[in-house]
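The values are calculated or read from the model by the stated rules, or taken from the named source; none is laboratory data. These numbers were taken from a predicted model, which means no experiment stands behind them. Note that each Cβ is placed from the backbone with ideal geometry, even for glycine, and that neighbours are counted across all protein chains shown.
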């Protein structure tokens with residue numbers, strides 16, 4: 001049987017609505033891939049209250065934001081201050097988190113969780129899911145109305161968003177999809193603030 005894995009964005013849902021969506025698709029574990037497991041405007045999705053609420057429903061919770069998050073601490077993941085998804089995917093931490101997800105998907109129904117409502121606006125779809133599909137895992141995105149969108153359907157929507165199918169007549173479908181991922185990755189990737197970037201590039205001289 002082909003392993004299946006889900007993704008979901010907590011968006012602005014109430015906690016009850018979020019749990020309802022998980023129950024609808026019989027989710028047994030949530031893998032939180034937010035770099036920071038807190039929400040200023042939706043505190044019901046802060047790590048501790050969310051973990052308690054999931055436990056009450058018999059759903060396991062694991063935080064993998066350090067491994068699979070989009071806002072990285074590794075300097076080598078940035079190009080001109082912007083996170084680069086291809087570089088993130090090459091880090092040892094990402095590999096560790098990815099392996100945990102792949103192994104878990106073979107045993108239980110897991111939903112990768114982040115914040116964004118639309119999977120196309122989130123690294124769970126643009127960074128993590130394509131690599132899961134490449135491992136033979138069937139990725140399904142849970143939308144706010146409870147409907148499911150496969151990664152393949154999301155890819156088609158992504159290509160249409162950039163009008164690549166119309167313009168790219170001399171490239172293969174795989175090349176077109178890869179270009180769409182690259183463009184969306186650049187669009188949504190975390191951008192360091194100028195002061196943080198300057199600090200990282202020019203560390204202060206202590207004791208001078």
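Side notes on the structure shown:
- Test: residue 168 is closer than 29 Å to residue 42 by Cα, more than 16 Å from the chain's Cα centre (by Cα), surrounded by 13 or more Cβ atoms within 10 Å (Cβ to Cβ) and modelled with pLDDT under 95: no
- The residue list 26, 47 contains one member that is over 25 Å from residue 184 (Cα atoms), surrounded by 12 or more Cβ atoms within 10 Å (Cβ to Cβ) and over 16 Å from the mean Cα position of the chain (by Cα), which is 47.
- Lone qualifier among 139, 177, 128 - being surrounded by 15 or more Cβ atoms within 10 Å (Cβ to Cβ) and over 26 Å from residue 47 (Cβ atoms): 177
- Within region 1-57, the set of residues being modelled with pLDDT under 95 and touching a strand residue (DSSP E or B) at 6+ places or on another chain (Cβ under 9 Å) comprises 2, 3.
- Criterion: in contact with a strand residue (DSSP E or B) (Cβ under 8 Å, 6 or more places away or on another chain) and surrounded by 14 or more Cβ atoms within 10 Å (Cβ to Cβ) - qualifying residue of 88, 110: 110
- Helices (runs of 4 or more DSSP H) lying entirely in region 38-142 (those with 3 or more residues that are farther than 15 Å from residue 8 by Cβ and without any contact (Cβ under 8 Å) to a residue 24 or more places away in the chain): 47-56, 92-105
- Checking the stated criteria, residue 146 turns out to be at pLDDT 95 or above, touching a helix residue (DSSP H, G or I) at 6+ places or on another chain (Cβ under 9 Å) and loosely packed, with under 12 Cβ neighbours inside 10 Å.
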